[in-house]
Amino acid sequence: PAGRPAPEYYIVVFAAGRSFWMPQSRRVRAIRPSVDGRFVVRSLPAGDYLIATVADIEEGEWTDPAVLQRLAGASMKVQIGEGEKKVQDIQIGAAR
């Protein structure tokens, strides 16, 4: 809320389509931002994605469809085109 980086959070990026919610999917990723708050998700295929931030998630739990379903409701939507690079600002706890 104060505009400071939050490297203690995970950023979960996952396909908007449930058919891609499976272990080892190229369309489901979880990363931590660096101490300056920046993050990079590489090699995502083109498509519609959801981005969620979570404070506590166990290794690999982000591939569980039930977990992704819970995250989907509080996620922001982003569309990635073929070969496109995007910059996405995320504010934790910000009003929508």
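The values are calculated or read from the model by the stated rules, or taken from the named source; none is laboratory data. Nothing here was measured: the structure is a model prediction, and the numbers come from that model. FYI the Cβ positions are ideal-geometry reconstructions off the backbone, even for glycines, and counts take in every protein chain you see. Heads up: the accessible areas ignore ligands, DNA and RNA and are worked out on the full protein's heavy atoms, side chains in. Shrake-Rupley method; radii C 1.70, N 1.55, O 1.52, S 1.80 Å.
With charges set only on the Cβ (+1 for Lys and Arg, -1 for Asp and Glu), what does the dipole of the chain come to about its Cα centre, in debye to the nearest 20?
Approximately 280 debye in magnitude.
How large is the accessible surface of Ser43 in square angstrom, using a 1.4 angstrom probe and rounding to the nearest 10?
Roll a 1.4 Å probe over it and Ser43 shows about 90 Å².
Please report, as a whole percent, how much of the solvent-accessible surface of the chain comes from carbon and sulfur atoms (probe radius 1.4 Å).
The value for the chain is 48 percent carbon and sulfur by accessible area.
One-quarter of the Cα convex hull surface for the range 53-93, in nm²?
Average of the hull's projected areas for the range 53-93 equals 4.0 nm².
Over the chain, give the accessible area per residue in Å² for a 1.4 Å probe, as an integer.
Per residue, the chain has an accessible area of 69 Å².
Treating the chain as a set of equal point scatterers at the Cα positions, no solvent, please give the Debye-formula log₁₀ I(q)/I(0) at q = 0.17, 0.19, 0.24, 0.25 Å⁻¹.
The Cα Debye sum returns log10 ratios of -0.73, -0.92, -1.44, -1.54.
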